[in-house]
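Let me begin by presenting the structure, written as structure tokens, before commenting on it.
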2 protein chains.
Amino acid sequence: MAVGQLSQNELNEIYAFAVDLGRKAGDLLMERVEQRISGGEGDSHKFEEKDNAVDIVTQTDEGEQPSSKNDTKSDLRWRTDFLPDVEVFIRNAIQSKYPSHQFLGEETYAKGQSRDYLIDEQPTWCIDPLDGTVNYTHLFPMFCISIGFIVAHRPVIGVIYAPFTDQLFSACSGRGAWLNEKRRLPLVRNPIPPMPANAPSQCIFSCEWGKDRRDIPDGNMHRKIESFVNMAAEIGGRDGKGGMVHGMRSLGSATLDLAYVAMGTFDIWWEGGCWEWDVAAGIAILLEAGGLVTTANPPENPDTAEIEDVRLGSRLYLAIRPAGPSTTETGRESQERTVREVWRRVRQLSYARPGA
Amino acid sequence: MAVGQLSQNELNEIYAFAVDLGRKAGDLLMERVEQRISGGEGDSHKFEEKDNAVDIVTQTDEGEQPSSKNDTKSDLRWRTDFLPDVEVFIRNAIQSKYPSHQFLGEETYAKGQSRDYLIDEQPTWCIDPLDGTVNYTHLFPMFCISIGFIVAHRPVIGVIYAPFTDQLFSACSGRGAWLNEKRRLPLVRNPIPPMPANAPSQCIFSCEWGKDRRDIPDGNMHRKIESFVNMAAEIGGRDGKGGMVHGMRSLGSATLDLAYVAMGTFDIWWEGGCWEWDVAAGIAILLEAGGLVTTANPPENPDTAEIEDVRLGSRLYLAIRPAGPSTTETGRESQERTVREVWRRVRQLSYARPGA
């Protein structure tokens, strides 16, 4: 299958290159972990806080915004000021192999640019050298390298590598989605189960608290919490909005959330505020596995609104796992039914792009 | 170091036996995972629902409570009716090797017994053949075998094995706590960082939504949510209770939550409703790593109340990661300060034992 101007053979070669690159970049992250564990990092590698306790400063950011919180420095654990170097390593490898391709990386993008949506029709690499930064600084294994390759606005290759547990998720349009290049995703596929008849009940709902913690009555934090509680509460509770999901999970990594939806493990992921590099690779893998990604924000009429593929720059995402047919529905029908059931229970979030 | 009537040599032998047993039992779980992935399980292995969508029926439970929900059966994914067999495998191995030791397992205990606290001074094994059952049925890797060994009410040996990612956490009193028998816990120990000066800020807070989803104004679900929001909200928010934690994480496994606190990864874990088998192994590992475990429920005066070691049967747990000294505090002082800061922000939970 060809994508845009690229043949399947060309895609296959790019895919093999991306997988190799993901592993090498993951090894760079683990080198730092080993240094940290062996005590090889001095105080200069402790991390600092930015404008709130969640964002973590990087070398790049430091140039723009001098730290004013040295007093708390001794409590903090780990600087991530080597991340631009990891991104440069990835970018150099790509630009050397594919000089005509465009490149967008979190660290590059943050460096003084406005965060406009910059991807056009051209083949574009979209990279996060570290997703799950808070996890990484605390050594919780849910951190990863994320490498997405986008053609004509569609993520067609994705590589997500979580080096601490050596879990590599990958996909290439036309080649299937895989865990560690040996288990096809979704894991359960003989047959792939439909979405539950009473979804979101029996579903694992994956959601993140995020960085916006402002205690404003109608702010994003309270809109999220209201939505979470609706999804969690017993059937009949919350004025009929109770979804009684099977489990609520928060990992602290949008990228890995998407990987677990592609695996068939998380049934539903709902989030606002992500950037392209947080989701490009995960969307490529999820789509290739048979999942659905649309907008997190419920339309005016959730029962009848058309369910459109998400726009990559939208910052609002609702993902549903791959689903097979039942005796009464196609897989897609059961996914769309689940989308509507989520939309009925969640609030609109406000994550406009800066300048939008 | 001797514990009760057991010498260190005896403990060492029991520890080696427990580690081996944990791996073997984990392999049994993974055999079922492989069957499930390869499509080797028929419809008879789908799971059923119990009294709500979170508890999952087991063979044992079925005897007591005939299923009345066959209509939803086709949506469900995976029965766990082999779990009693895994527990029997573990129990037989223990009773054959250590016939004088007592044994308490989740599956055995649930079989029609009242859930009184049954552990006495005698050496007792406390087992969960599968913690994170919802994760297991959805194939989310955060499920594990949990094997605890208790002497004179103190968990002194713990083995937690998560077979999907091959992560084994273990500890024996006097021998240290370990990941995969090669990395000492906590991972960062040269030196072990103190708790942050402004904890719970900069901390990862681990918490679970649990099974009690009743939409009752002052019920456990709403008490938990109020507590979660206090921990998450910005400093100054929530009438001064905002804790601005670094991250909120929910894995769906009390046992693995404790393992990650022992690793130094999660700074704080706060939970109610656990049974002995959910926490015995994790507490053994956390205590050996240098952590603190006390009650989740804030006392009348959080600022001055004595911070006592948790009672194993209490069902209410607050765990703090291992902490080293700073220039102004001992590690224990920084842990206790963090306990009080959590107590100031959380509600009391109501998880009395049945009959208590």
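The values are calculated or read from the model by the stated rules, or taken from the named source; none is laboratory data. For clarity, every value in this text was computed on a predicted model and none was experimentally measured. Here the Cβ is made from the backbone with ideal geometry for all residues, glycine too, and neighbour counts use every protein chain on show.
Quick rundown of the values:
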| quantity | calculated |
| --- | --- |
| Search result, residues across region B:207-221 that are under 24 Å from A:L251 (Cβ atoms) and of a type outside the set (A, V, I, L, M, F, W, C) | B:E208, B:G210, B:K211, B:D212, B:R213, B:N220 |
| Output for region B:54-94, where each listed residue is surrounded by 14 or more Cβ atoms within 10 Å (Cβ to Cβ), more than 14 Å from every other protein chain (Cβ to nearest Cβ) and modelled with pLDDT of 65 or more | B:D81, B:F82, B:L83, B:P84, B:V86, B:E87, B:V88, B:F89, B:I90, B:R91, B:A93, B:I94 |
| Test set (1) crowded, with 19+ Cβ neighbours inside 10 Å; (2) part of a loop (DSSP other than H, G, I, E, B); (3) within 14 Å of chain A (Cβ to nearest Cβ); (4) among the hydrophobic types (A, V, I, L, M, F, W, C) - B:I235 fails condition number | (1) |
| Meets criteria (in contact with a helix residue (DSSP H, G or I) (Cβ under 9 Å, 6 or more places away or on another chain) and within 14 Å of chain A (Cβ to nearest Cβ)) for B:P298 | no |
| Meets criteria (closer than 19 Å to B:F266 by Cβ, modelled with pLDDT of 95 or more and within 8 Å of chain A (Cβ to nearest Cβ)) for B:I204 | yes |
| Residues (within 27 Å of A:Q8 (Cβ to Cβ), polar (S, T, N, Q) and in contact with a strand residue (DSSP E or B) (Cβ under 9 Å, 6 or more places away or on another chain)) located in region A:98-152 | A:Q102, A:Q122, A:T124, A:S146 |
| Some residue of region A:331-340 being in contact with a Phe, Trp or Tyr (Cβ under 8 Å, 6 or more places away or on another chain) and under 24 Å from A:H153 (Cβ atoms) | no |
| Number of the condition not met by A:D257 [criteria: (1) over 10 Å from the mean Cα position of the chain (by Cα); (2) within 14 Å of chain B (Cβ to nearest Cβ)] | (1) |
| Qualifying residues in region A:239-253 (those that are touching a residue at least 12 places away in the same chain (Cβ under 8 Å) and not in a loop (DSSP other than H, G, I, E, B)) - the one surrounded by the fewest Cβ atoms within 10 Å (Cβ to Cβ) | A:M248 |
| Residue ID - nearest to A:G237 (Cα to Cα), chosen from residues in region B:194-232 that are of a type in the set (A, V, I, L, M, F, W, C) and not in a loop (DSSP other than H, G, I, E, B) | B:M221 |
| Residue in region A:165-184 that is under 15 Å from the mean Cα position of the chain (by Cα), of a type in the set (G, A, S) and within 23 Å of B:H246 (Cβ to Cβ) present | no |
| Which listed residue, of B:V188, B:V245, B:V229, is in contact with a Pro (Cβ under 8 Å, 6 or more places away or on another chain) and facing chain A (nearest Cβ under 8 Å) | B:V245 |
| Leading residue by the ranking (surrounded by the most Cβ atoms within 10 Å (Cβ to Cβ)) among those in region A:209-218 that are more than 8 Å from chain B (Cβ to nearest Cβ) and touching a residue at least 24 places away in the same chain (Cβ under 8 Å) | A:G210 |
| Residue pairs meeting the criteria (Cβ under 7 Å; at least 6 apart or on separate chains; first farther than 27 Å from A:A2 by Cβ, in region A:173-192; second among the small types (G, A, S) and part of a loop (DSSP other than H, G, I, E, B)) | A:L187/A:G264; A:V188/A:G264; A:N190/B:G39; A:P191/A:G324 |
| Breaking point among (1) within 14 Å of chain A (Cβ to nearest Cβ); (2) within 25 Å of B:A152 (Cα to Cα); (3) of a type in the set (A, V, I, L, M, F, W, C), for B:M263 | (2) |
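For (1) assigned by TED's automatic domain parsing to the domain that holds B:V245; (2) over 15 Å from the mean Cα position of the chain (by Cα); (3) aliphatic (A, V, I, L, M); (4) on the phi < 0 side of the Ramachandran plot, each residue gets a yes or a no:
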residue	(1), (2), (3), (4)
B:G273	yes, no, no, no
B:A284	yes, no, yes, yes
B:P302	yes, yes, no, yes
B:A305	yes, yes, yes, yes
B:L316	yes, no, yes, yes
B:S326	yes, yes, no, yes
